[in-house]
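Below you'll find the structure I mean.
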Amino acid sequence: MSNEDDLQLAREASAFYLKFSESVLKETPGHLKLAESVSAGFTQYAYAFVAFDAEKIDAKSPQLAADMRLRAGRMYARAHRHAMTALERTQPGFALALRQADPQKQPRLTRAQVPLAYWAAASLGGWVSMSKDDPEVVADLPLSMRLAELAWQIDPAYGQGALASLMGTLEGAKVGGSRQKAQSYYDQAIALGKGQEAGPFVAKAEGVALPAEDRKLFELLLKQAIDISQQHRSLQNEVMRERAQWLLSNVDDLF
């Protein structure tokens with residue numbers, strides 16, 4: 001679906017694709033690439049078509065928005081479960097080792113496991129963001145950072161800046177996180193995207209410019225994201241274009 005640049009068509013086709021892929025995965029649970037695809041699919045669907053919709057209606061329909069966030073949280077949890085199951089199958093004891101405080105006892109990834117670790121981290125981060133009233137889920141945010149860091153140790157350029165952007169978002173979300181360090185991650189993500197990925201620009205706008213109350217930078221980054229999405233059509237860029245345009249339309253409320 002990544003090459004599909006019609007967002008509505010992608011939305012309509014995704015549900016069947018996800019259910020079909022998930023059913024196949026149940027029959028072949030050791031298939032890493034399929035597990036990666038299913039985890040990625042549920043994470044992206046939750047972000048683009050559920051959580052974002054909740055944001056857009058929050059002011060007018062708070063209860064409906066809350067219900068949609070619960071749904072998004074369940075999808076993120078589903079994505080995380082698929083990724084972690086695959087990691088556990090390829091490396092028995094992975095989940096337990098991940099929770100160890102001693103870095104020497106924590107798991108090590110192979111390059112083939114990096115995509116799964118990325119989606120496990122991204123989906124867990126999304127799940128936490130949808131579950132602010134659930135302390136048990138929120139308490140697992142450090143595990144999201146740990147998964148991302150394990151992937152970072154092996155392939156910091158993963159996803160043309162996607163991993164670097166995730167590192168920036170998680171750095172900004174954690175207690176005591178460094179805004180300067182988060183900005184460094186976002187800048188790396190932008191460089192790795194080589195002017196073809198809109199996501200890091202939107203992430204930096206929300207993760208750096210917005211907390212700093214820098215409206216000028218916020219608007220500049222979002223306009224850059226829109227320009228990139230128009231020049232390099234892809235599903236991801238279309239999602240980011242729509243989000244950038246929505247953020248710009250609400251800029252007076254944000255600042």
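Taking the criterion of being closer than 15 Å to PHE42 by Cα, within 18 Å of the chain's Cα centre (by Cα) and either hydroxyl-bearing (Ser, Thr, Tyr) or crowded, with 16+ Cβ neighbours inside 10 Å (or both), would at least one residue in the range 101-113 satisfy it?
Scanning the range 101-113 turns up no residue that is closer than 15 Å to PHE42 by Cα, within 18 Å of the chain's Cα centre (by Cα) and either hydroxyl-bearing (Ser, Thr, Tyr) or crowded, with 16+ Cβ neighbours inside 10 Å (or both).
If I ask for residues that are surrounded by fewer than 16 Cβ atoms within 10 Å (Cβ to Cβ), over 20 Å from LEU192 (Cβ atoms) and within 22 Å of the chain's Cα centre (by Cα), which ones from the range 225-249 would you list?
Within the range 225-249, GLN230, GLN245, TRP246 meet the criteria.
On the given criteria, is GLY161 assigned to a helix (DSSP H, G or I), in contact with a helix residue (DSSP H, G or I) (Cβ under 7 Å, 6 or more places away or on another chain) and open to solvent by less than 60 Å² (accessible area, probe 1.4 Å)?
yes
Something else now. Would you point out which residue out of TRP119, TRP152 is over 20 Å from MET75 (Cα atoms) and buried (at least 16 other Cβ atoms within 10 Å of the Cβ)?
Answer to the selection: TRP152.
Name every residue in the range 55-73 that is of a type outside the set (A, V, I, L, M) and part of a helix (DSSP H, G or I), in order of residue number.
GLU55, LYS56, PRO62, GLN63, ASP67, ARG69, ARG71, GLY73
Something else: For the subset of the range 175-193 comprising residues that are at pLDDT 95 or above and either among the hydroxyl-bearing types (Ser, Thr, Tyr) or assigned to a loop (DSSP other than H, G, I, E, B) (or both), which member is least open to solvent (accessible area, probe 1.4 Å)?
Per the stated criteria, the residue is TYR186.
Further question: VAL128 - would you say it is in a helix (DSSP H, G or I), out of contact with any Asp or Glu (no Cβ under 7 Å at 6 or more places or on another chain) and either touching a residue at least 60 places away in the same chain (Cβ under 8 Å) or β-branched (Val, Ile, Thr) (or both)?
no
Something else about it: Can you tell me which residues in the range 198-224 are of a type in the set (Phe, Trp, Tyr) and either surrounded by 24 or more Cβ atoms within 10 Å (Cβ to Cβ) or touching a residue at least 40 places away in the same chain (Cβ under 8 Å) (or both)?
PHE201
The values are calculated or read from the model by the stated rules, or taken from the named source; none is laboratory data. No experiment lies behind these values; they were computed from the predicted model shown. Heads up, the Cβs are rebuilt from the backbone with ideal geometry, glycines too, and the neighbour counts pull from every protein chain shown. Calculation scope for accessible area: heavy atoms of the full protein, side chains included, ligands and nucleic acids excluded. Shrake-Rupley method; radii C 1.70, N 1.55, O 1.52, S 1.80 Å.
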